[in-house]
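Below: the structure, in structure tokens.
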Amino acid sequence: MLNPIFSVGTLDGLTAMKFGWTADKRALHKWRMLQSLALAGILFSTPGSAGGISGVDVQGDRVVVRFDDRVEGASAFLLDAPRRIALDIDGAQMGRARFSPGNGAIAAVRQGQISDGTARVVLDLAAPATLGDPQIAADGKSLSFSIRGVTDSRFRTELGRGRTRFDAPANMAARPQKRLHSITVPIPASARGIALPPIEGSHDGARPLVVIDAGHGGHDPGAINKDNGKREKDVTLAIAQAIRDQLVKGGRVRVALTRDDDRFLVLQERFGIARKLGADLFISIHADAAENTDAHGATVYTLSETASDREAARLAARENKADIINGVNLGGQSGDVSSILIDLTQRESLNISSSFARLLQREASPYVPFRSAYHRFASLMVLKAPDTPSILFETGYISNEADSAFLSSREGQQKIAHGVARAIEVHFARKLALTGMAAGG
């Protein structure tokens, strides 16, 4: 079994990030460079270096991560869907680590280089568990901690606590780290730090602002039709642009796109753009996929910590993984975001979002086929801006032959744009009328 390793030029603001993983102690030490995460690569070898991760051993309920040289400190946090423990180790480098699975509490191990001086180890959990009693040895050449089995409820609670820091002994001085020899290739970077997109349409700053988000993009193609090769990222961009053009033509609202080309945005950047622009409405455009190719029709999702049904939970699990590549979360590890609970500050936004979902189905149904259960609820990360009414619009199933043809055609995109624009204009006309009534009363 290969032990792949690859590096990329720039990813989420990190330079020369390297990823790799170990499968078992019989793994052959071969390396493969992957171009754009999908293209066939070139095998190359990497010499050992001081401070490299040399092994991950599970001894009973105790995990020991060993290094070739001393490290400076570490921190840990939990990840869900799938359940993992992530360790960021300061003063460490990726190495040729062997994994001894022990009693099976840890299913697999991956490692990555998230900066020149920090390595990451990701432990895939076989069952819900937390990390306890972490300590770095006096010589700084090993990190150990216990694995404690917990209930699903306790795991979710611990997930929300975010990152735990533990440092090396105070009298230990870290040696300068040797750089790994690597070969790098550029892939589309996340858009962290990019300028805000232009606002188009009316020049009247008092007009409502709608932000349209084309789902996926860049190295993340989203769902793909197995027969015709149509990709979700291309369909969503074309639909978002068509909606933008329709709204600009109408002149009643202002509009901005989170992306107007084939670029990758992490989920927090998507709703972050809407918040920074002060958007009055956020619409994320997607195209669903299902094993059952007969599944068809559009669906509107709004935020809820509890999924409305099994299908909604499945979609949330898939969409919320958009930031993750080989176990490394490009969107950061903020526990207060990933486990955010709906509170009073979100109630008004949630009510407006649900009202708009119903309005969208009513106004767009003459142009777009909807599923019978058109409104669903899910814990979707992209909808978690607490102060911006937000929906995720699954415009159809790209896995369905008829839907795929509709979504990919200019005629279908124009019909979707017309229906969405009608709903937006009615929504803000209602809001203006209610505001005028309140002022007059």
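The values are calculated or read from the model by the stated rules, or taken from the named source; none is laboratory data. The model shown is predicted, which means the values in this text are computed figures rather than measured ones. Positions of Cβ are backbone-derived with ideal geometry, glycine not excepted, and every protein chain shown enters the neighbour counts.
Each row is one residue, and each column tells you yes or no for (1) at pLDDT 85 or above; (2) in contact with a Ser or Thr (Cβ under 8 Å, 6 or more places away or on another chain); (3) assigned to a helix (DSSP H, G or I); (4) within 18 Å of L281 (Cα to Cα).
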{"residue": "I340", "(1), (2), (3), (4)": "no, no, no, no"}
{"residue": "L359", "(1), (2), (3), (4)": "yes, no, yes, yes"}
{"residue": "E363", "(1), (2), (3), (4)": "yes, no, yes, yes"}
{"residue": "F377", "(1), (2), (3), (4)": "yes, yes, no, yes"}
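Check segment 127-143 and report whether any residue there is out of contact with any Phe, Trp or Tyr (no Cβ under 8 Å at 6 or more places or on another chain), surrounded by 15 or more Cβ atoms within 10 Å (Cβ to Cβ) and more than 15 Å from R70 (Cα to Cα). Checking segment 127-143: not a single residue is out of contact with any Phe, Trp or Tyr (no Cβ under 8 Å at 6 or more places or on another chain), surrounded by 15 or more Cβ atoms within 10 Å (Cβ to Cβ) and more than 15 Å from R70 (Cα to Cα). Scanning segment 111-132 for residues that are charged (D, E, K, R) and part of a strand (DSSP E or B) turns up R120, D124. Filtered by the rule that a residue be buried (at least 20 other Cβ atoms within 10 Å of the Cβ) and of a type in the set (V, I, T), segment 224-260 gives V235, T236, I239, I243, V253, V255, T258. Among residues that are in the same structural domain as G205 (by TED's automatic domain parsing), closer than 17 Å to S399 by Cα and in a loop (DSSP other than H, G, I, E, B), D227 is included. Flag: I391 does not match the condition of being farther than 27 Å from P221 by Cβ and not small (G, A, S).
In segment 403-419, the count of residues that are modelled with pLDDT under 95 and under 25 Å from the mean Cα position of the chain (by Cα) is zero.
The condition of being crowded, with 19+ Cβ neighbours inside 10 Å, more than 30 Å from S379 (Cα to Cα) and not polar (S, T, N, Q) does not hold for G104. Can you tell me which residue is surrounded by the most Cβ atoms within 10 Å (Cβ to Cβ) among those in segment 71-94 that are in contact with an Asp or Glu (Cβ under 6 Å, 6 or more places away or on another chain) and not in a strand (DSSP E or B)? Ranking the qualifying residues of segment 71-94, first place goes to G91.
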